[in-house]
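One structure is given here, and the rest of the page talks about it.
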Amino acid sequence: ENISNFDIVMESDEGTFKPSGLGFTGNAKARDIVKEIMTLLQPISVTNVYDDADGTDIEYWMRNGVPGASLRDDLSKYFWFHHSQGDTMTVQDPNQMNLCAAVWTVVSYVIADMEEMLPR
């Protein structure tokens, strides 16, 4: 019932490896805004906006019109650890984790600080 209050839904469900950008689902105006926001991440070389956010945790909202974003990163080592005994914080690269956190911090802060919601 409160879905109209959501600016964006975001998911990071593919690990915290070296990020390359965001997958995004939303209309063209919202995509242009997200692309502009991503330019702020040029100093860390994470500026790509890919077609289609994905993720089972956010698909309900996106299906109902809420713009969505999912982190895209280097998946080459994902299945080395995913759902195994080695899936612990000790195998994380702190620098790569910090880059992922920077992406979400910048995107969520800028969108939350906008005067208007992302277009639908």
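Structure data summary
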quantity: Hits in the stretch 73-115 (condition: at pLDDT 95 or above and not in a helix (DSSP H, G or I)); calculated: MET114, GLU115
quantity: Residue selected from the stretch 42-54 under the condition of a type in the set (A, V, I, L, M) and under 14 Å from the mean Cα position of the chain (by Cα), by the criterion most open to solvent (accessible area, probe 1.4 Å); calculated: VAL49
quantity: Residues (within 19 Å of LEU41 (Cβ to Cβ) and touching a residue at least 12 places away in the same chain (Cβ under 8 Å)) located in the stretch 102-120; calculated: ALA102, VAL103, TRP104, VAL106, VAL107, SER108, VAL110, ILE111, ALA112, MET114, LEU118
quantity: Residues within the stretch 49-86 that are free of Cβ contacts under 8 Å to residues at least 60 places away in the same chain and farther than 17 Å from LYS18 by Cα, tallied; calculated: 17
quantity: Matching residues in the stretch 16-41 - criterion: being open to solvent by 70 Å² or more (accessible area, probe 1.4 Å) and over 24 Å from GLU115 (Cβ atoms); calculated: LYS18
quantity: Single unsatisfied condition, ASP13 versus (1) over 21 Å from SER76 (Cβ atoms); (2) surrounded by fewer than 16 Cβ atoms within 10 Å (Cβ to Cβ); calculated: (1)
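So that you can scan it fast, the table gives a plain yes or no per residue for (1) open to solvent by 30 Å² or more (accessible area, probe 1.4 Å); (2) of a type in the set (Phe, Trp, Tyr); (3) within 17 Å of the chain's Cα centre (by Cα):
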residue	(1), (2), (3)
THR56	yes, no, yes
GLU59	yes, no, yes
ALA69	no, no, yes
TRP80	yes, yes, no
GLN85	yes, no, no
THR90	yes, no, no
SER108	yes, no, yes
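The values are calculated or read from the model by the stated rules, or taken from the named source; none is laboratory data. This one's a predicted model, so the numbers in the text were calculated from it and none came from an experiment. Cβ coordinates were reconstructed from backbone atoms using ideal geometry, including for glycine residues, and neighbour counts include every protein chain displayed. Side chains included, ligands, DNA and RNA excluded: accessible areas come from the protein's heavy atoms. Shrake-Rupley method; radii C 1.70, N 1.55, O 1.52, S 1.80 Å.
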